[in-house]
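The values are calculated or read from the model by the stated rules, or taken from the named source; none is laboratory data. Fair warning: this is a prediction, and the values are worked out from it, not measured in the lab. Methodologically, a virtual Cβ is constructed for each residue, glycine included, from the backbone with ideal geometry; neighbour enumeration extends over all protein chains shown. What goes into the accessible areas is simple: the full protein's heavy atoms, side chains included, and nothing from ligands, DNA or RNA. Shrake-Rupley method; radii C 1.70, N 1.55, O 1.52, S 1.80 Å.
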Amino acid sequence: MKEILPDGHYVIVNSRQRNVAALAEPRERSSLMARTYSSSNEKTLTKNLIWSINGADNGRYKFQNTEFGSLAYAGHGTKAGDDVKGHNREQYWELQVARADPPRYRISSTDSELFWHLQDGELDTPVRAFSPFALRWVPNHPTQVKLVDKANDERSWWELKRIDSAQASNAPLSIKQTEENPLQQMISTPPARDPMQMITPEGHAWTGCYQYRMPGAQIDPPMFFTLARIPSNGYGPLQFGARGVDAVGAFNILGSIYTSGMVEAKKMYDHGLTWNWVGTMTPNGMAGTWGQNGEFQGWWWIWPKDGA
């Protein structure tokens, strides 16, 4: 089968919006987001904007993010409006030439006529899926790359700008610890106790707080809860659960701590609202980011309560 695109490193630029498809975080199933990039300014090129694109003998291609190693994935049974996500599973995509000069491509799933799509020009807009047979309105989610069914819409066309290997290798990481990160002080402060010793089957009192990402947003009132280790068969990550209350209402937390120190959890309010947490163990507790459907909303941090 004729090769449409040579293997290599690429930045994926939307033809209409001029933003690029990127992964914002390493968490599995995080959505591809719109980010800015200028070929004339190397400082705008970070590894999470770069994709290693490799073809198979059947003429289809896989897209692997250079920073996080995640592969662009939608899964079987995808429908219009679904996000394109990062995943550890391989998925091969078809490339169709939408315009030859300059080259523009449609990136489509192989089991349905759905195409990568960027709904608007705002940053953090999702890449989504659309189909040429049902030109129906698909609700816009203001933070991901989607799949849609609009083959002739330029928002479903992409320029694949090749990046040489040296440039891809030398590009900086997108995730950095900076003085603007409100978790910096907590992570670097000498511990009062080992927080792992406060995760027991009997449970201990913990507290914490969270902050919104918007400029000038205040930290919400503290949350108070009892956190306990969930018994397991000894395999896999440490599982924990919690029951508590904050200014929003009563909630449960279910989470996992991996041997690497990575933390994943869900905070579930009794009235139905759920937030996803991803973070890490720190000398004083746990800290990370929170959000929903791949959208980053702010920071959280929790620690054993004094006197517990």
task = Figure the gain on full extension for His87 and Ser165 (residue separation times 0.36 nm, minus the Cα-Cα span) and round it to one decimal in nm.
result = 25.7 nm
task = Estimate the FRET efficiency between Asp120 and Thr44 by the formula 1/(1 + (r/R0)^6), using the beta-carbon distance for r and 30 Å for R0, to the nearest 0.05.
result = 0.90
query = Heavy-atom accessible area per residue, the range 263-308, 1.4 Å probe: how many Å²?
reply = 39
Cut-off 20 Å, label 7 Å out along Cα→Cβ of Arg16, residues of the range 143-168 by amide N = 143-161
query = When the convex hull of the C-alpha atoms of the range 29-72 is computed, what volume per residue in Å³ does it have?
reply = 92
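In whole percent, and with a 1.4 Å probe on the protein chains, what portion of the accessible area of the range 12-85 is carbon and sulfur? All intermediate terms of the calculation are to be shown ahead of the outcome.
Values: 1210 of 3010 Å².
Of the solvent-accessible surface of the range 12-85, carbon and sulfur hold 40 percent.
With the Cα gyration tensor of the range 218-308 giving a ≥ b ≥ c as the square roots of its eigenvalues, does the rule (a/c under 1.5 for rounded; else a/b larger than b/c for prolate; else oblate) give rounded, prolate or oblate?
In terms of gyration-tensor shape, rounded.
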request  = On the protein heavy atoms, probe 1.4 angstrom, tell me the percent of accessible surface of the range 234-307 carried by carbon and sulfur.
outcome  = 57
ask   = Between their Cα atoms, which of Lys150/Lys266; Lys43/Lys85; Lys62/Lys150 are more than 28 Å away from each other?
value = Lys150/Lys266
query = So if R0 is 35 Å, what FRET efficiency would Lys79 and His271 give, r being the distance between their Cβ atoms, rounded to the nearest 0.05?
reply = 0.75
query = Any idea how far apart Leu173 and Glu154 come out in nm if each label point goes 7 Å out from Cα toward Cβ?
reply = 3.8
key: Burial ranking of peptide ranges 64-73, 252-261 (average Cβ count within 10 Å, highest at the top)   = 64-73, 252-261
